[in-house]
Ligand code: AMP
């Protein structure tokens, strides 16, 4: 069979990330992003297998112009064997339990989910509609951040509020980062020589956004994010869990509006808020090494909250085959892994310090001390998972 390529698109409101994934190459043939769309500073940045970064100014470009500018790059990089386009879609509500070929019905269902993800789904829809216009002959697939978590049992996904809010307004826990948790859960089983369908994992996706997940036999049983990606862990700029009465408290004491409170909790909190310095773990580690107290506290809060979340997720597991760290922080920060594992002796966890120090910069490996439950570092690859889902759906079509 000829090698098949899939273009993976991840559209934000002002950005468009892309990767051309080939079955034959471990690295993308082409990857990059258009940034600051619809502004005078729009720029398209990309790199090919040689990793040399290139860029082109596209002042004022919108999603359509950016995708059009991408076409010749895709063709040059191997687009003649392009078989389909895979789109990351943030919210699939309760309609989508897995990746789906896009047709009019799918588009309508994604549109119906906009109230649950008013910032993200409209941008995802824009990307899909533009790609459908520019590539009318190619099949397009939607891969949802929420879909993997649709296997959570009701006692894990319902909030303890009256049922009508769930029934009439879809207020429940959905969870996000599903594509990443699913990918690293499968890779953890492969790496350990276990069957995906007979293995139990706790996964921690730690990037700018952070979440944990309990995976049993290849299915999500619980996850730390909820109705929105604000619930759960402390993150780069997001607070994660706070007392829900904080909203009322700030409104009463400071006279703040809902918009101001949401901005505080989503964009000014987390590592940035605690440290007063940065949302970037690298900068905080450096500041900590120079004795910066708020940066040290931010890392301690981050790690303690992560450990608490993993312990909570363990309630969903019949047994533990291992804990997986992934995402920019999970894959690179030996400090965060060590500080969080130190809080979990009751799960029997213990680190091998040398292995922990070695597993950085894209390495896959086990970092647990001998005789203790597996602790794995597994780089995530959401683009590859989206490309695999796209090809699997195409293969399942009648020819
Ligand atoms: P992501 O959203 O997955 O790209 O992850 C972004 C986060 O990973 C940021 O907080 C980065 O500071 C963090 N990160 C990336 N490289 C390192 C590193 N070498 N050490 C610590 N944190 C890192």
Computed label-point distance, nm, for sites residue 23 and residue 108 using a 7 Å Cα→Cβ extension = 3.4
Can you tell me the relative contact order of the chain? Whole percent, Cα pairs under 8 Å, sequence separation 6 or more.
-> 13
Among 91-97, 51-57, 326-332, 193-199, how do they line up from the highest to the lowest mean number of other beta-carbon atoms within 10 Å?
-> 326-332, 91-97, 193-199, 51-57
Rh by Kirkwood over Cα pairs, then Stokes-Einstein D for the stretch 212-339 at 1.002 mPa s and 20 °C, µm²/s | 135
Give me the Kirkwood hydrodynamic radius of the stretch 28-141, using the inverse of the mean 1/r over all pairs of distinct Cα atoms, in Å to one decimal.
-> 15.3
Residues 225, 152, sorted so that the one with the fewest Cβ neighbours within 10 Å comes first | 152, 225
For the chain, the percent of all C-alpha pairs falling in each 20 Å bin, from 0 up to the bin holding the max distance, is 26, 59, 15, 0
Within the chain, what percent of beta bridges assigned by DSSP are antiparallel, to the nearest 5?
-> 65
With each pseudo-label sitting 7 Å past Cα toward Cβ, what's the residue 52-residue 133 distance in nm, one decimal?
-> 3.4
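Quick note: the coordinates plus some simple rules give every number you see, no bench work behind them. Since the structure is predicted, the reported quantities are computational estimates derived from the model, not experimental observations. We place every Cβ from the backbone using ideal geometry, glycine too, and count neighbours over all the protein chains shown.
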